[in-house]
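Written below as structure tokens is the structure these notes are about.
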Amino acid sequence: VQLQASGGGLVQTGGSLRLSCAASRGTFRNNGMGWFRQAPGKEREFVASISWNGGRIFYADSVKGRFTIFRDNAKNMLYLQMNSLKSEDTAVYYCAASRYATTSSQVGHHNYWGQGTLVTVSS
């Protein structure tokens, strides 16, 4: 699976962005998928995860209620809708495919990664 993330940019505090992740192959639809982020000087952290069919979804506490993860298996696409953005959301965001069909917050459970897209939230 090859992944291509897009949709990042500069947005003001309180604004919204939608990230997209295009997968190259049909096996995408058998994998759980996740979004992670990495801020400068920090470790990569979990943001959101969705199971292969969208039936299970899991969020980090820091984004719960503001971010929504969803997928379109017919189009091999993964999305992250981000609302009410805060300065602490500034990071490079990565989409990733899990080895498993269900949700996971573990970096080590994901064996395919997109190249990352930068989100900058300014006040």
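The values are calculated or read from the model by the stated rules, or taken from the named source; none is laboratory data. Keep in mind the model is a prediction, meaning the values are calculated, not measured. Glycine gets a Cβ as well: all are built from the backbone with ideal geometry, and neighbour counts include every protein chain shown. Calculation scope for accessible area: heavy atoms of the full protein, side chains included, ligands and nucleic acids excluded. Shrake-Rupley method; radii C 1.70, N 1.55, O 1.52, S 1.80 Å.
Based on protein heavy atoms only, the chain ends up with 50 Å² per residue of surface accessible to a 1.4 Å probe. Between Ala60 and Ala48, the built amide H atoms are under 5 Å apart, and every one of these is 5 or more places off in sequence or on another chain.
Given a 1.4 angstrom probe, I'd like the percentage of the accessible area of the chain that is carbon and sulfur, rounded to a whole number. Carbon with sulfur: 47 percent of the solvent-accessible area.
Sorted by average packing, counted as other Cβ atoms within 10 angstrom per residue and highest first, what order do 11-18, 33-40 take?
Working: 11-18: 13.5, 33-40: 21.0.
Packing order, densest peptide first, comes out as 33-40, 11-18.
Measure out, as a whole number of angstrom, how far apart the alpha-carbon centroids of region 6-47 and region 53-96 sit. If you average the Cα positions of each part, the centres end up 6 Å apart.
Model label points for Ser24 and Ala39, set 7 angstrom from Cα along the Cα-to-Cβ axis, are 3.3 nm apart.
Subtracting the Cα-Cα distance of Gln115 and Thr68 from 0.36 nm times their residue separation leaves 14.9 nm of extension gain.
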